[in-house]
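So the structure is just underneath, and the comments pick up after that.
The values are calculated or read from the model by the stated rules, or taken from the named source; none is laboratory data. The structure presented is a predicted model; accordingly, all values stated were derived computationally and were not measured. Positions of Cβ are backbone-derived with ideal geometry, glycine not excepted, and every protein chain shown enters the neighbour counts. Note: accessible area is taken over every heavy atom of the protein model, side chains too, but ligands, DNA and RNA are not part of it. Shrake-Rupley method; radii C 1.70, N 1.55, O 1.52, S 1.80 Å.
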Amino acid sequence: MLVIVAALGYFVDIYDLILFSIVRTDSLIGIGVPEGDIETVGLKLINMQMIGMLTGGVLWGILGDKRGRLSVLFGSIILYSLANIANGFVTTVPMYSWLRFIAGVGLAGELGAGITLISETMSKENRGYGTMVVVGFGVLGAVLAALVGKMFTWQSAYFIGGGLGLALLILRIGVYESGMFSAIKEKNVSRGNFLKLFTSFPRFIKYLSCITIGIPIWYLIGVLVTFSPEFSKELNIPNVKAGTAVMWFYIGTSFGDFMSGYLSQVFRNRKKVVYFYLTLSLLSIPLFLFTNNISTELFYIICGVLGIAAGYWAVFVTIASEQFGTNLRSTVTTTVPNFVRGSLVLLTLSYKGLQDAFHLSKINSALVVGIAAVVIAFISLSQLEESYGKDLDYIEID
């Protein structure tokens, strides 16, 4: 039941998270933004959403270690569901911007709480299968978002996402708190101390490395696929729709996540699997950026290839959860994926900054940012210990 509930929760989480990328153009035109400003305003709104997720990641992570994992599951879904319903009523860019921030805060808690519960509840040999199902199924929420974005108005798409989230609250009633957390709750142990991640240099490097190995995933979706209509114009590819590109990307991601999670269990090694997927990412970036004058359908298939390369999110969040003790596990498992998502702010600023400062083309600017993200991820992964089968019933001490 825990795996099913966490998977459905992440499904709705991804639906709401990706929905703005899908309805970006229609919604901004709908509230009166000139067509020439769509990309610039869209970047600002995506950044506001990601800043919200950075903020929420810290808040929900600390709350999960102090008050329990279930409190985060309930609180986060209520907040992002109501915020997304409110998004259907926006009429101005400032209003839209702040509601994306609030939605981002809410969206930040779902995945970390679910993965923490699974890591602490399932056996150390099989917990990778649990996270594989949660992420592999959950990312298909983006496919539903793409389909809903095509079939309904952008306002209705937001209403549907918010309604799905509120409906999930009924399923949450049957989920129980983690036994590991319940055990340390009765002890005099410092829990959810975010600053503790920075008081030890080795602990800080481990935490930073957990974040940076996931950044290429959000480069692929947040820069390349989200702005695929703009890139396709540079590549002379006609009629590319962001919603369809996102759908194909996440179909590939679902396959990639199931495969990476399965491989990490079969080979009993998480790091080797991530090395393989980072190599795929490095190869897929130039494939996307330099394949021009092709059909729209083939371009969408390339977006699916990008999704497969990005399909190590399941293993990535499992690695983060397995690196730290029970008194900091929720803080880490919740903040790490949200800092990765929040890194999109730096990625997009770098992407635009290289164009402005060095007069690079969109293609070359995206290439430089992408290669840098993957190289940093390779270096960071080398700093982490292999965590397959690790006993997680321990605490972090000063």
Checked against (1) in contact with a Pro (Cβ under 9 Å, 6 or more places away or on another chain); (2) more than 22 Å from residue 130 (Cβ to Cβ), residue 57 satisfies every condition except (2)
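Of all residues being in a helix (DSSP H, G or I) and either on the phi > 0 side of the Ramachandran plot or open to solvent by 50 Å² or more (accessible area, probe 1.4 Å) (or both) in the stretch 157-178, which is modelled with the lowest pLDDT? Just the residue, please. It would help to see each step written out before you state the result.
Taking the stretch 157-178 and keeping what is in a helix (DSSP H, G or I), we get 157-172.
Right, trim to either on the phi > 0 side of the Ramachandran plot or open to solvent by 50 Å² or more (accessible area, probe 1.4 Å) (or both) and you get 159-160, 164, 166-167, 170-171.
Details: 159: 96, 160: 95, 164: 92, 166: 90, 167: 88, 170: 80, 171: 76.
The residue in question is 171.
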Selection from the stretch 210-229 of residues more than 17 Å from residue 281 (Cβ to Cβ) and small (Gly, Ala, Ser) yields none
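Which one is nearest to residue 44 (Cα to Cα), of the residues in the stretch 345-363 that are assigned to a helix (DSSP H, G or I) and open to solvent by 50 Å² or more (accessible area, probe 1.4 Å)? Step through it out loud before you land on a result.
Filtering the stretch 345-363 for residues assigned to a helix (DSSP H, G or I) gives 345-358, 362-363.
Adding the requirement that they be open to solvent by 50 Å² or more (accessible area, probe 1.4 Å) leaves 346, 349-350, 352, 356-358.
Details: 346: 12, 349: 10, 350: 14, 352: 12, 356: 16, 357: 19, 358: 22 Å.
Among residues in the stretch 345-363 that are assigned to a helix (DSSP H, G or I) and open to solvent by 50 Å² or more (accessible area, probe 1.4 Å), the one nearest to residue 44 (Cα to Cα) is 349.
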Restricting the stretch 130-156 to residues that are farther than 14 Å from residue 308 by Cα and either among the acidic types (Asp, Glu) or not in a helix (DSSP H, G or I) (or both), the one most open to solvent (accessible area, probe 1.4 Å) turns out to be 152
When residue 202 is run through (1) farther than 30 Å from residue 27 by Cβ; (2) open to solvent by 60 Å² or more (accessible area, probe 1.4 Å); (3) in a helix (DSSP H, G or I); (4) in contact (Cβ under 8 Å) with a residue 12 or more places away in the chain, the failure sits at (4)
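Residue-wise test of (1) out of contact with any Phe, Trp or Tyr (no Cβ under 8 Å at 6 or more places or on another chain); (2) at pLDDT below 90; (3) surrounded by fewer than 17 Cβ atoms within 10 Å (Cβ to Cβ).
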| position | (1), (2), (3) |
| --- | --- |
| 22 | yes, yes, no |
| 40 | yes, yes, yes |
| 67 | yes, yes, yes |
| 75 | no, yes, no |
| 90 | no, no, no |
| 94 | yes, no, yes |
| 118 | yes, no, no |
